[in-house]
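For reference, the structure discussed in these notes is given below.
The values are calculated or read from the model by the stated rules, or taken from the named source; none is laboratory data. This is a predicted model, so every value here is computed, not measured. A quick note on method: Cβ atoms are made from the backbone with ideal geometry, for glycine too, and the neighbour counts reach across all protein chains shown.
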Ligand SMILES: *Cc1c(COP(=O)(O)O)cnc(C)c1O
């Protein structure tokens, strides 16, 4: 099916979107019918076009339509779909050793990923890592480790947070529908505090932090808290960037009270924002950093990395799992780290911001329904609200996403009220592709005036 000599099967001259059938096309419609018979209705797809090939920032479906991808599988193929180095590394590893189980007989690639995470997460202290399969599993393990290290049970999270779909992480999410509704009972000892959301609360970082801390002190008390888990820039919540000084104040309070400060960088990490980890934008040095999504170029891998003395609190055998730190996923992750380092990909996130952000600001200037443009690097968003009432406009988001899809541009929504459009393209996206996507976005707003 694939030519093993070439890293990708997408045509070399494919540079932009191309529509050759209706969206979805006949082959996708047929697959959607097969799927409906055998795939749980609980698994939904934002756009039911079935993808056959991908490279860089392009997706090609089974009907031959090509989409410009502004979502990168929710920030997973951060360095690009089927990146040549990632594909080569994974292919080579597949033939050397596919699986042993690190907790039975270890292999070098796992150790190398741990070294790379120690080198690139914030902080100059000794760090250790455990590798797992998914973001939610990283959150679960971060909490486990923090509890063991502190001997405390409480978990603090913030409004508008998203941490996953497992039992513990469902309890840590802000939004019940669709992530939690009907799936209880939920894990206990989770305390949710107000976040900093400058567009909505108008608070300074200092005032928002005082509100968060005051809430936690009243409802649980620092002495019972094992950890505070924060996304430095909230992902599913709508790329909410906290006010200046908010996160450092929370970290200071955690440190003073023996609460483990955990940065969930699953969406914001791995070069997405123009830094290795978004924590760096805020001067944060988290005790534990969670990575997943972009770490392995599309292969399933996640990690908890942090202060050695906290990570070593877990007893031998207490951490691990059959597939955690799979050698092929680790080989892909090593290739991702090397590409970011060698090819200066942090600068590519800044380049994307320099093209995308002015385009979004121009849209906001002519359309008052764009209430805010925000984000960092290749993690940007616009929040849509009725300029008269301030009410969120989720229907406009849906209409814009649908319009763009019909034009061959894949956009993602976000936000607790579904009223945010988020842009998290791969760092391989070209300026011309971004300009093209911005054009389609503008047309979508005009068409839904
Ligand atoms: C996606 C995400 C998760 C969950 O990761 P999965 O791999 O889907 O389990 C957790 N936290 C954040 C911030 C995320 O964006």
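Quick look at the values:
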{"quantity": "Test result for residue 381, surrounded by fewer than 17 Cβ atoms within 10 Å (Cβ to Cβ) and touching a residue at least 24 places away in the same chain (Cβ under 8 Å)", "calculated": "no"}
{"quantity": "Matching strands (runs of 3 or more DSSP E) fully within region 123-219 where at least 1 residues are within 15 Å of residue 230 (Cα to Cα) and at pLDDT 95 or above", "calculated": "154-158, 190-193"}
{"quantity": "Members of region 115-127 that are more than 16 Å from the ligand (Cβ to nearest atom) and under 22 Å from residue 164 (Cβ atoms)", "calculated": "117"}
{"quantity": "Unmet requirement for residue 226, which otherwise passes all of (1) assigned to a helix (DSSP H, G or I); (2) in contact with a helix residue (DSSP H, G or I) (Cβ under 7 Å, 6 or more places away or on another chain); (3) within 21 Å of residue 135 (Cβ to Cβ)", "calculated": "(1)"}
{"quantity": "Sole exception among (1) away from the ligand (no atom under 16 Å from the Cβ); (2) without any contact (Cβ under 8 Å) to a residue 60 or more places away in the chain; (3) out of contact with any helix residue (DSSP H, G or I) (no Cβ under 7 Å at 6 or more places or on another chain) for residue 18, by number", "calculated": "(2)"}
{"quantity": "Some residue of region 344-367 being within 16 Å of the ligand (Cβ to nearest atom), part of a loop (DSSP other than H, G, I, E, B) and either modelled with pLDDT of 95 or more or surrounded by 24 or more Cβ atoms within 10 Å (Cβ to Cβ) (or both)", "calculated": "no"}
{"quantity": "Selected residue (only one of 49, 43, 23 is part of a loop (DSSP other than H, G, I, E, B), within 28 Å of residue 420 (Cβ to Cβ) and free of Cβ contacts under 8 Å to residues at least 12 places away in the same chain)", "calculated": "43"}
{"quantity": "Whichever residue in region 138-153 is within 13 Å of the ligand (Cβ to nearest atom), touching a helix residue (DSSP H, G or I) at 6+ places or on another chain (Cβ under 9 Å) and in contact (Cβ under 8 Å) with a residue 60 or more places away in the chain and, among such residues, is nearest to residue 107 (Cα to Cα)", "calculated": "139"}
{"quantity": "Region 324-343: number of residues that are assigned to a helix (DSSP H, G or I) and free of Cβ contacts under 8 Å to residues at least 12 places away in the same chain", "calculated": "2"}
{"quantity": "Any hit, region 285-305, residues being closer than 12 Å to residue 121 by Cβ and away from the ligand (no atom under 16 Å from the Cβ)", "calculated": "yes"}
{"quantity": "Residue that is at positive phi, outside any strand (DSSP E or B), more than 16 Å from the ligand (Cβ to nearest atom) and more than 17 Å from the chain's Cα centre (by Cα), where the choices are 321, 317", "calculated": "317"}
{"quantity": "Any hit, region 279-289, residues being part of a strand (DSSP E or B) and buried (at least 24 other Cβ atoms within 10 Å of the Cβ)", "calculated": "yes"}
{"quantity": "Qualifying residue in region 155-165 (condition: more than 16 Å from the ligand (Cβ to nearest atom) and either touching a helix residue (DSSP H, G or I) at 6+ places or on another chain (Cβ under 8 Å) or in the same structural domain as residue 321 (by TED's automatic domain parsing) (or both))", "calculated": "no"}
